[in-house]
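Below: the structure, in structure tokens.
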Amino acid sequence: MPTSVRVEAGWDRTNPTAAVLNRFRVRDHHLDGHAADVAASLVSSGVVSSVADAHVGATVRGAQGDDIVVISSDPHDMAAVCAPVPVRIVPI
């Protein structure tokens, strides 16, 4: 889970109301120097304008594995920021 997405969604893991979400084994992915460069590239190239969306793209591009699932209310933007990495996008 990109940490900027958690911030945008208001998911504070320490809040008791987050207990249900905290049951999922979701690791935080920080916007470190390398991820920030990838995310900034996505923003500067016009692929996306949201920091959180660009952070998703950077996280996906840096992920290892072949079963990446992205849950989003904006599947079109997610497809753009994740390309060319194959992902399964679940719209909500």
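Quick note: the coordinates plus some simple rules give every number you see, no bench work behind them. Computed from a prediction, not measured in an experiment: that's the story for all the values here. Because the Cβ atoms are built from the backbone with ideal geometry, glycine has one as well, and the counts that use them run over all protein chains shown.
Between amide H atoms placed 1.01 Å from N, distances below 5 Å from His29 occur with Thr3, all of them 5 or more places distant or on a separate chain.
Please work out which option in [x] -0.43, -0.81, -1.20, -1.41; [y] -0.49, -0.84, -1.12, -1.25; [z] -0.49, -0.89, -1.24, -1.40 gives log10 I(q)/I(0) by the Debye sum over Cα atoms at q = 0.14, 0.19, 0.23, 0.25 Å⁻¹ calculated from these coordinates, and answer with its label. Read-out taken from this structure: [z]. Across the chain, the relative contact order, built from alpha-carbon pairs under 8 Å that are at least six residues apart, equals 25 percent. Extension gain, Trp11 to Val47, is 10.4 nm, computed as 0.36 nm per intervening residue step minus the present C-alpha separation. About its Cα centre, segment 3-65 has a charge dipole of approximately 300 debye under the convention of +1 per Lys or Arg Cβ and -1 per Asp or Glu Cβ, with nothing else charged. Applying the criteria of a DSSP loop state and at most 12 other Cβ atoms within 10 Å to the trypsin sites (Lys or Arg not before Pro) of segment 12-92 yields Arg13, Arg23, Arg25, Arg27.
The helix-only estimate of mean residue ellipticity at 222 nm for the chain, built from DSSP H runs of length n ≥ 4 each weighted as -39500 (n - 2.57), is -13000 deg cm²/dmol after division by the residue total.
Comparing Val51, Val38, Val26 in a Gaussian network model of the chain, where Cα atoms under 10 Å apart are tied by springs, the biggest mean-square fluctuation is seen for Val26.
Within the listed set Ala40, Ala52, Ala18, the residue fluctuating most in the Gaussian network model of the chain (springs between alpha-carbon atoms under 10 angstrom) is Ala18. Taking amide H atoms as placed 1.01 Å from N in the peptide plane, the amide H of Ile89 lies under 5 Å from those of Val70, each 5 or more residues away in sequence or on another chain.
Between Val26 and Ile71, residue separation times 0.36 nm minus the direct Cα-Cα distance comes to 14.9 nm.
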